[in-house]
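Asker: So that we are looking at the same thing, I have put the structure below in structure tokens.
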């Protein structure tokens, strides 16, 4: 594994750990309850084909959001390193 691959693995693991930690918070539990309620509402309010379309839309939104989350997390780490270099903390 080269340095770039190692860094990508490191960032991925840090991000996964941050997400796991977030999922243990009360904030996430409340959000999860809202999502579950929304799912129940879709079950009762939408026809089968409408629900399939809505679920597909939500899956795409969640996928895009997850990719954005990983990008921002990685970018934050890189920006942090650049700030530390600028301040002379890192060589």
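The values are calculated or read from the model by the stated rules, or taken from the named source; none is laboratory data. Small disclaimer: the values here were computed from a predicted structure and weren't measured. Using ideal geometry, Cβ is built from the backbone for each residue, glycine included, and neighbour counts are taken over all protein chains shown.
Asker: Six or more apart or on different chains, Cβ atoms under 6 Å: show the pairs whose first residue is in the range 58-72 and touching a residue at least 24 places away in the same chain (Cβ under 8 Å) and whose second is assigned to a helix (DSSP H, G or I).
Answerer: 70/15
Asker: Any residue in the range 1-9 that is outside any helix (DSSP H, G or I) and loosely packed, with under 11 Cβ neighbours inside 10 Å?
Answerer: Looking for residues that are outside any helix (DSSP H, G or I) and loosely packed, with under 11 Cβ neighbours inside 10 Å, one finds at least one in the range 1-9, hence yes.
Asker: Can you pull out the residues in the range 10-24 that are part of a helix (DSSP H, G or I) and within 15 Å of the chain's Cα centre (by Cα)?
Answerer: If the condition is that a residue be part of a helix (DSSP H, G or I) and within 15 Å of the chain's Cα centre (by Cα), then 11, 12, 13, 14, 15, 16, 17, 18, 19, 20, 21, 22 are the ones that fit.
Asker: Which ones in the range 25-64 are part of a loop (DSSP other than H, G, I, E, B) and surrounded by 10 or more Cβ atoms within 10 Å (Cβ to Cβ)?
Answerer: Residues satisfying the conditions are 25, 46.
Asker: Let me ask something else. Residues in the range 14-35: is at least one at pLDDT 90 or above, in contact with a helix residue (DSSP H, G or I) (Cβ under 6 Å, 6 or more places away or on another chain) and under 30 Å from residue 91 (Cα atoms)?
Answerer: yes
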